[in-house]
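A quick write-up on the structure given underneath.
The values are calculated or read from the model by the stated rules, or taken from the named source; none is laboratory data. Just so you know, these numbers come straight off a predicted model, no measurement behind them. Neighbour counts run over all protein chains shown; Cβ positions are idealised from the backbone, glycine included. Ligands, DNA and RNA are excluded from the accessible area calculation, which covers all protein heavy atoms including side chains. Shrake-Rupley method; radii C 1.70, N 1.55, O 1.52, S 1.80 Å.
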Amino acid sequence: LGLGFDSISVGGVETVFHNAIDQGAVEQPVFAFYLGDEEDGELTFGGYDEDKFVGDLTWVPLSDETYWRIDMDEVKIGSFSTGKTDAIVDSGTSLLTGPSADVRAIANEIGAQPTITGQYTIDCAKLDSIPTMTWTIDGNEYSVEGKDLVLQSSGMCIFAMMGMDFPKPGPQWILGDVFMRKYYTVFDFEGARVGFAEAV
């Protein structure tokens, strides 16, 4: 659809959303996602829906205006933790992704088993024992409970994280729909920032 920045568009063409801003087609230069958990989601152009989150939005400056890229202080689950790292926030990625070595370590931490497709499965009886995963971003902690890190389908439990290694200077992590389902996310194009608040 063209919700990133012109710097990564094919041929440097102005993106759809940037063009909409230039034409005055949106009230504010922002768009927002509510990914309903077991209910309809919502994509809002030109503003955001305060009924879809609780508390205030916490704004995080972008580290790079290509994808919606941010710096992170730490990723932690159980005894696993990273140092400083970074991520892109991406509604087009249904899972969470991270460096392959880190995802393997996390899978080992929670007892998930690799499959030939690169995903990991976990015993459905162990969902309550999966620790909470926490991302520290700009000094604030964002957490997703362990049971919400698993997708259940046809009696199988799939760990909602895959290893993905991007060549430098690519991002280390992608915060996809698993993260965005928990946190209402506002993308501020002209402010070069993203806002998070706990979704209702």
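Screening Ser153 on (1) touching a residue at least 24 places away in the same chain (Cβ under 8 Å); (2) under 18 Å from Asp37 (Cβ atoms) shows it passes everything except condition (1). Each residue in segment 65-90 was checked for being part of a strand (DSSP E or B) and either farther than 23 Å from Phe33 by Cα or hydroxyl-bearing (Ser, Thr, Tyr) (or both), and 6 of them qualify. Among (1) surrounded by fewer than 20 Cβ atoms within 10 Å (Cβ to Cβ); (2) part of a strand (DSSP E or B), there is one condition Trp135 misses while meeting the rest; what is its number? All conditions are met except number (1). Within segment 106-113, identify whether any single residue is acidic (Asp, Glu), surrounded by fewer than 20 Cβ atoms within 10 Å (Cβ to Cβ), touching a strand residue (DSSP E or B) at 6+ places or on another chain (Cβ under 8 Å) and free of Cβ contacts under 8 Å to residues at least 60 places away in the same chain, and answer yes or no. Yes, some residue in segment 106-113 is acidic (Asp, Glu), surrounded by fewer than 20 Cβ atoms within 10 Å (Cβ to Cβ), touching a strand residue (DSSP E or B) at 6+ places or on another chain (Cβ under 8 Å) and free of Cβ contacts under 8 Å to residues at least 60 places away in the same chain. If you go through segment 3-19 and keep only what is assigned to a helix (DSSP H, G or I) and buried (at least 18 other Cβ atoms within 10 Å of the Cβ), you end up with Phe17, His18. Criterion applied to Gly78, Gly41 was being in contact with a Leu (Cβ under 8 Å, 6 or more places away or on another chain), closer than 28 Å to Ile130 by Cβ and surrounded by 14 or more Cβ atoms within 10 Å (Cβ to Cβ), and the one residue passing it is Gly41. Met162 meets each of the listed conditions (1) closer than 26 Å to Tyr67 by Cα; (2) open to solvent by 40 Å² or more (accessible area, probe 1.4 Å); (3) touching a Leu at 6+ places or on another chain (Cβ under 8 Å); (4) outside any strand (DSSP E or B) apart from (4).
Go through segment 78-112 and give me each residue that's in contact with a Ser or Thr (Cβ under 7 Å, 6 or more places away or on another chain) and at pLDDT 95 or above. Result: Asp86, Val89, Asp102, Ala112.
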